[in-house]
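Everything below concerns the one structure shown next.
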Amino acid sequence: SKDIQILAPMYKGENGIDNLNKLLQDIFNPKIDQNEIKYMDVIYREGDKVLKLENDPDNNVFNGDIGYIIDIKNNEITIDFDSNIVKYNTKDLSTIKHGYAISVHKAQGSEFKIVFMPITMAYKAMLYKKLIYTGITRAKYSLTLVGSKEAFLYSVENTNAYERRTDLKDKLLECINK
């Protein structure tokens, strides 16, 4: 699973990242005899691929970094982030998620040897050209699009990217013009 990355646009729903990660854990790291730890409704086990959700500069680990759980003992989880070995307590598990499937946004700036990208109408709210382009360009050697032709065509024809509604720009300009 080190060379393979699944990229999806949304976390929620049947085709969402959260559900995909539950299914993919059973494929890439099935329960045999590894130690496990449960956090909320998620089971982490030794060998799992995980994604860091927050910056942790003290440990040189940052939002979007991918690592692998190498040890679980006494409510302590040890993760290898590209040869950077970091230990976390159970309370820190809110800062990681399974990393078998990650969002296209979290993948920005990264490159993966093999990318699988599901594209279905269930993602309609997030299907737009820039997002699909970003996902496709994360693949270094191989890209497999999975889903419906209808959803793919809809996304490449949709140039209206989701825009955040904020008045930050106006506030900054107001401060500068005072």
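The values are calculated or read from the model by the stated rules, or taken from the named source; none is laboratory data. From a predicted model like this one, the values you see are computed outputs, not experimental measurements. No Cβ is skipped: glycine too gets one built from the backbone with ideal geometry, and neighbour counts run over all protein chains shown. All accessible areas refer to the heavy atoms of the entire protein, side chains included, with ligands and DNA or RNA removed. Shrake-Rupley method; radii C 1.70, N 1.55, O 1.52, S 1.80 Å.
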Legend entry - Listed residues Asn60, Tyr141, Ala125: farthest to the positive end of the dipole of region 42-169 (Cβ charges): Ala125
Legend entry - Size of electric dipole in the chain: Cβ of Lys, Arg +1 and of Asp, Glu -1, about Cα centre, debye, nearest 20: 560 debye
Inset, instruction - Could you give me the radius of gyration and the Dmax of region 104-178, taking only the C-alpha atoms into account and expressing both in angstrom? - result: 16.5, 53
Inset, instruction - Relative to the longest principal axis of the C-alpha atoms of the chain, give the angle of the C-alpha long axis of helix 17-28, reported between 0 and 90° and rounded to the nearest 10°. - result: 40 degrees
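Per the Cauchy relation, a quarter of the hull surface: what is the mean projected area of the convex hull of the alpha carbons in the chain, in nm²?
Details: hull surface 51.9 nm².
Its Cα hull, projected and averaged over all orientations, spans 13.0 nm².
Within region 1-155, what whole-number % of the accessible surface is contributed by carbon and sulfur, with the 1.4 Å probe and all protein chains included in the calculation?
51 percent
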Inset, instruction - Run the dipole for region 14-67 about the Cα centre, Lys and Arg Cβ at +1, Asp and Glu Cβ at -1, nothing else charged, and hand back the magnitude in debye, nearest 20. - result: 140 debye
Legend entry - Longest DSSP-loop-exposure-free segment, chymotrypsin sites (Phe, Trp or Tyr not before Pro), the chain, at most 16 other Cβ within 10 Å: 63-161
Legend entry - trypsin sites (Lys or Arg not before Pro) within region 15-103: DSSP coil, no more than 11 neighbouring Cβ in 10 Å: Lys31
Inset, instruction - Quick one: grab the alpha carbon gyration tensor of region 26-79, order the square roots of its eigenvalues as a ≥ b ≥ c, and give me rounded if a/c is under 1.5, else prolate or oblate depending on whether a/b is larger than b/c. - result: prolate
Inset, instruction - Might you tell me the accessible area per residue for region 51-175, computed with a 1.4 Å probe and given in Å²? - result: 62 Å²
Inset, instruction - If a/c stays under 1.5 just call it rounded; otherwise compare a/b with b/c (prolate if a/b is bigger, oblate if not). Do that for region 1-92, with a ≥ b ≥ c from the square roots of the Cα gyration tensor eigenvalues. - result: oblate
